[in-house]
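Every number here is computed from the coordinates shown, using simple stated rules; none is lab data. This is a predicted model, so every value here is computed, not measured. Here the Cβ is made from the backbone with ideal geometry for all residues, glycine too, and neighbour counts use every protein chain on show.
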Amino acid sequence: VQLQASGGGVVQAGGSLRLSCSASGPSDTQYHMAWFRQAPGKEREFVALKTFSGSNEFYGDSVRGRFKITRDGAKNAVYLQMNSLKPEDTAVYYCAADRSFLGYNKPQRYAFWGQGTLVTVSS
């Protein structure tokens, strides 16, 4: 499956941004879809996951309560609504997909990745 992330940009602290990730490829396989981010000099960090059924979602501690992941099965897309943004949210955001739920918060568990989209939050 091919993933294409978009929606990054520059926003002031306290603002909002919405990221999109579209998936193309075999549609008969059910993938869990996630967002990760990586700031300069830091490891890739889990942000959020939406299970393929859409019935469950999980968040990293640093974004819980501020970010919301949604999924559009018809469009084969996943979105990340980011509110109350902070300068420490500045990073390249990646969408990822995998058929397995095991280790969902570990980047090495994901087989498919988008190219990343840069989010910069100014103070």
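Cross-link partners of Lys68 among lysines, defined as those whose alpha carbon lies under 16 angstrom from its own and excluding same-chain residues fewer than eight positions apart: Lys50, Lys86.
Can you tell me the FRET efficiency between Ser62 and Arg18 if r is taken as the Cβ-Cβ distance and R0 is 22 Å, rounded to the nearest 0.05? Efficiency, from the Cβ-Cβ distance: 0.75. Hey, for a label at Gln4 modelled as a point 7 Å past Cα toward Cβ, could you say which residues of the range 76-97 have their backbone N under 16 Å away? So the set is 76-79, 95-96.
Using the Cβ-Cβ distance between Glu43 and Lys75 with R0 set to 22 Å, the FRET efficiency works out to roughly 0.10.
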